[in-house]
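The structure under discussion appears below in the form of structure tokens.
The values are calculated or read from the model by the stated rules, or taken from the named source; none is laboratory data. This one's a predicted model, so the numbers in the text were calculated from it and none came from an experiment. Note that we place each Cβ from the backbone using ideal geometry, even for glycine, and neighbour counts take in every protein chain shown. Ligands, DNA and RNA are stripped out before the accessible areas are found, and what is left, the full protein with its side chains, is counted by its heavy atoms. Shrake-Rupley method; radii C 1.70, N 1.55, O 1.52, S 1.80 Å.
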Amino acid sequence: MKSYSDPIFPAAPRTTAEFRFYEELNDFLAPRLRKTAFALGIDRGRSVKDAIESAGVPHTQVDLILVDGVSVGFGHVLRGGERVAVYPVFERLDIAPLQHLRPAPLRNPRFIIDTHLGKLARHLRLAGFDGLWRNDYADEEIVRLAVSEQRIVLTRDRDLLKRRAVERGHFVRATDADVQLAEVICAFQLEGMLRPFSRCRECNVALVDADKAEVGERLPERVREFYNRFRRCPGCGRIYWEGTHYKRLQRMLALALPGKSKMRSE
Ligand SMILES: [Zn+2]
């Protein structure tokens, strides 16, 4: 009996390349693939970016890819048999001569925050960062705002970070909002950019100075007694002073960034 085979398009064995992921990129891999080299199936003409994402790692978390020791871009096509090393964003290592895949850091980092991270959004605003957030964003809206306003996407949805249009993003690992704030500050090296008391935690609008005389009537008596500096949100009218929220933020930062937090109120 003759078995069927197509003489023109024989079923080629699937090609593989050897991958190894470094540092926190391992968090995205299946446990058996972590911190070890493994063979990853690659289709003909497949880009190294597609191969990396097929292993579960969003491209936004990758800063450097070495194929057989040479740094390549995301579009590099694998042919099979290569050794591929994939690195996350290096924070303070000098690897300048190599081809970085991340765009240069933004001078004034701005964020767009996924629906399930409302507490983190408020914490970031409290620390002074521009963070758009709504509890009903569709993924498409998040991607659109990230692109049009050059915002960094913060999410715990790795599929969102795999969207082609998303250039800057961070997969938030922590589940506690206080820890998430510290995680984002560390990930984007924002320690020197904290501006507490400068932005409304509810509507993300920049605060303006307010005279004690002007806002005094609306303040609880103890606040009127103990505080002299006030700021007002032109959006919602809330009054801010260096009270409870400010102290809580200081505690969060002190716990998470010992010796690093340089809070400067404006
Ligand atoms: Zn407001």
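Set side by side, the residues 80, 45 differ, and just one is open to solvent by 30 Å² or more (accessible area, probe 1.4 Å) and either part of a loop (DSSP other than H, G, I, E, B) or under 19 Å from residue 161 (Cβ atoms) (or both), which is 45. The single residue among 145, 154 that is in contact with a Gly (Cβ under 9 Å, 6 or more places away or on another chain), closer than 30 Å to residue 74 by Cα, open to solvent by less than 60 Å² (accessible area, probe 1.4 Å) and more than 16 Å from the ligand (Cβ to nearest atom) turns out to be 154. In the stretch 166-186, the residues that are open to solvent by 40 Å² or more (accessible area, probe 1.4 Å) form Cβ pairs under 9 Å with partners that are of a type in the set (Asp, Glu), at six or more places apart or across chains, as follows: 173/24; 173/27; 173/183; 186/91. The single condition from (1) farther than 24 Å from residue 26 by Cβ; (2) assigned to a loop (DSSP other than H, G, I, E, B) that residue 247 fails is (2). Of the residues making up the stretch 40-81, those that are touching a His at 6+ places or on another chain (Cβ under 9 Å) and in contact (Cβ under 8 Å) with a residue 60 or more places away in the chain number 3.
Restricting the stretch 235-250 to residues that are open to solvent by 70 Å² or more (accessible area, probe 1.4 Å) and within 16 Å of the ligand (Cβ to nearest atom), the residue that is farthest from residue 126 (Cα to Cα) is 238.
Among the numbered conditions (1) more than 16 Å from the ligand (Cβ to nearest atom); (2) under 29 Å from residue 251 (Cβ atoms); (3) among the aliphatic types (A, V, I, L, M), the only one that residue 208 does not meet is (1). Can you tell me which residue in the stretch 184-200 is farthest from the ligand (Cβ to nearest atom), limited to those that are under 16 Å from the mean Cα position of the chain (by Cα) and part of a loop (DSSP other than H, G, I, E, B)? The residue in question is 189. Consider residue 132 carefully, then state whether it is within 16 Å of the ligand (Cβ to nearest atom), over 19 Å from residue 252 (Cβ atoms), at pLDDT 95 or above and open to solvent by 10 Å² or more (accessible area, probe 1.4 Å). Judged against the criteria, residue 132 is a match.
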